[in-house]
Amino acid sequence: MRTFAIAVLCSLAVPAAAQEKFEVKVAEFVGPQHFMTQWLVKWGEKLEKASNGRLAFKHFPGAQMAPAPGHYDLARTGQADVSWFLHGGTPGRFPLTELISLPYMVGSAEIGTKVLNDRALRSKYLDAEHRGVHVLLLLTHQPGNVHTTKKPIHTTDDMKGLRIRFAAPTIRDFVAALGGTPVGVPPPDQLEMLQKGTLDGVFIDYGGAGIAFKMGGTLKYTTEMYSYVSSFGVAMNPDFYQRLPADLRKLVDQSVVGVEKEVGEGWDALDAIGKKLLVDGGDEVIRLSPQEDANFRKIGGQVIEARLKELEEKKLPARAVYQQMKGLSEKHAKTSKNFWTGR
């Protein structure tokens, strides 16, 4: 009889455990209006529905939990259960992943996001750099341009002496190679520094400039180069992940399978919207001549080679990763949005 009673209790306990609810705290370093914050909200809503309410998401946009550079560690330490973070927020921490930000590596967010989530690339090189977290998704924004407040940039020589905010170490090196002064600035502080005149310009995508950080009316010139992307990640705290029942872990992992095109297209769509907001605020769009485009790309190539050699001296397989990324970029460019070709 005692054995039977224990068996009955155990049978009742299983469904009770299976119905346990988990609150998922999600940290985003930009405001609720940003595309990626909105995408994460919708992602959470889908998981809430798929889990029959066993997962409940609570979002903390606008860097409520920590400044942008601290968002990776929010997920690592468990202060947040999920965090969206910028690799360039902590320069040097993800040297192989950030090779995606080398000049002229990818022509759209769709291409960049597909490259970064290539299974072989991630499993062999990239996931290992993300120590202490469970990586859900890697992504990029659409390629960025250089925007200035006073001086238009028509040639490589026009960059000389300008104080330009960079988004990643690779773009820091690009700015320096062009004769500018690279300045590291957290994303939320860019606008104020432009308005004060302590920055002459920024490397940023149209969506970030026009929508996320509301630079319309402050920026006066945009030189369309589509020369770089910044990379990001979405990660879950590994202890929280392991506390989830197996069926919920499976739901979480499956929720980010095959979303690269959707996420990339969402970012790429911000380009026209952000551009209009800047132009409406008085921004003048400058398109490089073929010769000057070639000049910028030539200097970009020099930056690439110097960066690869620097990382190789640290015994990192930088050239192998670069070649794999470049090959994937060329492959996906055939079927994806590409700002370089206008497709």
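Shape class for the range 161-211: oblate, because the ratio a/c of the largest to smallest gyration tensor axis (alpha-carbon atoms, square roots of eigenvalues) is 1.5 or more and b/c is at least a/b. When only Cα pairs below 8 angstrom with a gap of at least 6 residues are kept, the range 201-343 shows a relative contact order of 39 percent.
Against the chain, whose longest principal axis is taken from its Cα atoms, helix 290-313 shows a tilt of about 50°.
Using a Förster distance of 25 angstrom, determine the FRET efficiency expected from the C-beta separation of residue 131 and residue 253, and round it to 0.05. Computed FRET efficiency for residue 131 and residue 253: 0.85. Our coupling estimate for the range 79-92, obtained by passing each phi through the Karplus curve with A = 6.51, B = -1.76, C = 1.60 and θ = phi - 60°, is 4, 10, 7, 9, 9, 9, 9, 9, 4, x, x, 10, x, x Hz, Gly and Pro reported as x.
Which whole-number percentage describes the relative contact order of the chain, with Cα contacts under 8 Å and a sequence gap of 6 or more?
Numbers: 654 pairs, mean separation 82.1, N = 343.
Relative contact order comes out at 24 percent.
Per-residue extension of 0.36 nm, minus the Cα-Cα distance of residue 242 and residue 52, leaves a gain of 66.4 nm for this segment. Calculated mean residue ellipticity at 222 nm for the chain: -13000 deg cm²/dmol, from DSSP H runs with n ≥ 4 weighted as -39500 (n - 2.57), summed, divided by the residue count and rounded to 500. For a straight C-alpha distance cut-off of 14 angstrom, the aspartates and glutamates reachable from residue 58 (same-chain residues fewer than eight places away being disregarded) are 23, 28, 45, 48, 81. Applying the criteria of a DSSP loop state and at most 14 other Cβ atoms within 10 Å to the trypsin sites (Lys or Arg not before Pro) of the range 258-340 yields 314, 315, 334. Using a Cα-Cα cut-off of under 19 Å, which lysines could be cross-linked to residue 196, ignoring same-chain neighbours fewer than 8 residues away? Partners within reach: 150, 151, 214, 220. Across the range 217-303, Cα-Cα pairs farther apart than 15 Å form 75% of the total.
Report the percentage of all Cα-Cα pairs in the range 54-210 whose separation exceeds 20 Å, rounded to a whole percent. Kindly include the intermediate steps, with their values, before the conclusion.
Numbers: 6726 of 12246 pairs.
Everything past 20 Å amounts to 55 percent.
Measuring nothing but protein heavy atoms, the accessible surface of the range 112-153 at 1.4 Å probe radius is 49 percent carbon and sulfur.
In the chain, what is the volume of the convex hull around the alpha carbon atoms, normalised per residue and reported in Å³? The partial results should precede the final answer.
Values: hull volume 46.9 nm³, N = 343.
Here the figure is 137 Å³ per residue.
Within the listed set 27, 68, 294, the Gaussian network model of the chain (springs between alpha-carbon atoms below 10 Å) gives the highest mean-square fluctuation for 294. With a 10 Å cut-off between alpha carbons and a GNM built on the chain, which of 278, 219, 47 moves the most? Of 278, 219, 47, the Gaussian network model singles out 47 as fluctuating most. Name the residue farthest towards the positive end of the dipole of the chain from the options 168, 149, 259, assuming +1 on Cβ of Lys and Arg, -1 on Cβ of Asp and Glu, about the Cα centre. Ranked along the dipole, the leading option is 259.
Here the translational diffusion coefficient of the range 146-263 follows from Stokes-Einstein with Rh set to the Kirkwood radius across Cα pairs; for 20 °C and 1.002 mPa s it amounts to 130 µm²/s.
How long is the gain from residue 297 to residue 320 if the chain were fully straight, where each residue apart is worth 0.36 nm and the alpha carbon distance is subtracted? Don't jump to the answer; show the numbers that get you there.
Values: separation 23, 0.36 × 23 = 8.28 nm, distance 2.11 nm.
Result: 6.2 nm gained on full extension.
Under 20 Å from the 7 Å Cα→Cβ point of residue 154, by amide nitrogen: which residues of the range 264-292? Zone members listed by number: 283-292. Solvent-accessible area per residue in the range 101-219 equals 31 Å², computed with a 1.4 angstrom probe and all protein chains kept. On a 0 to 90 degree scale, rounded to 10, what angle separates helix 35-50 from the longest Cα axis of the chain? Approximately 20 degrees, to the nearest 10. For the chain, the longest principal axis of the Cα atoms and the long axis of helix 318-333 meet at an angle of about 90 degrees. Where Lys and Arg each count +1 and Asp and Glu each count -1, what net charge lies around residue 130 among other residues with Cβ under 14 Å from its Cβ? Net of charged neighbours comes to +1.
Treating each Cα of the range 14-138 as an identical point scatterer and ignoring solvent, apply the Debye formula and state log10 I(q)/I(0) at q = 0.12, 0.23 Å⁻¹. The computed values of log10 I(q)/I(0) come out as -0.52, -1.42. Within the listed set 268, 189, 205, the Gaussian network model of the chain (springs between alpha-carbon atoms below 10 Å) gives the highest mean-square fluctuation for 189.
Per 0.36 nm of contour for each residue apart, how much would the distance between residue 310 and residue 38 grow if the chain were fully extended, relative to their Cα-Cα spacing? Can you show the working numbers first?
On the way: separation 272, 0.36 × 272 = 97.92 nm, distance 3.79 nm.
Value of the extension gain: 94.1 nm.
For the range 313-343 versus the range 141-174, the spacing of their alpha-carbon centroids is 22 Å.
The values are calculated or read from the model by the stated rules, or taken from the named source; none is laboratory data. Given the structure is predicted, the values throughout are model-derived calculations rather than measurements. Quick reminder, even Gly has a Cβ in these numbers, built from the backbone with ideal geometry, and neighbours come from all protein chains shown. All accessible areas refer to the heavy atoms of the entire protein, side chains included, with ligands and DNA or RNA removed. Shrake-Rupley method; radii C 1.70, N 1.55, O 1.52, S 1.80 Å.
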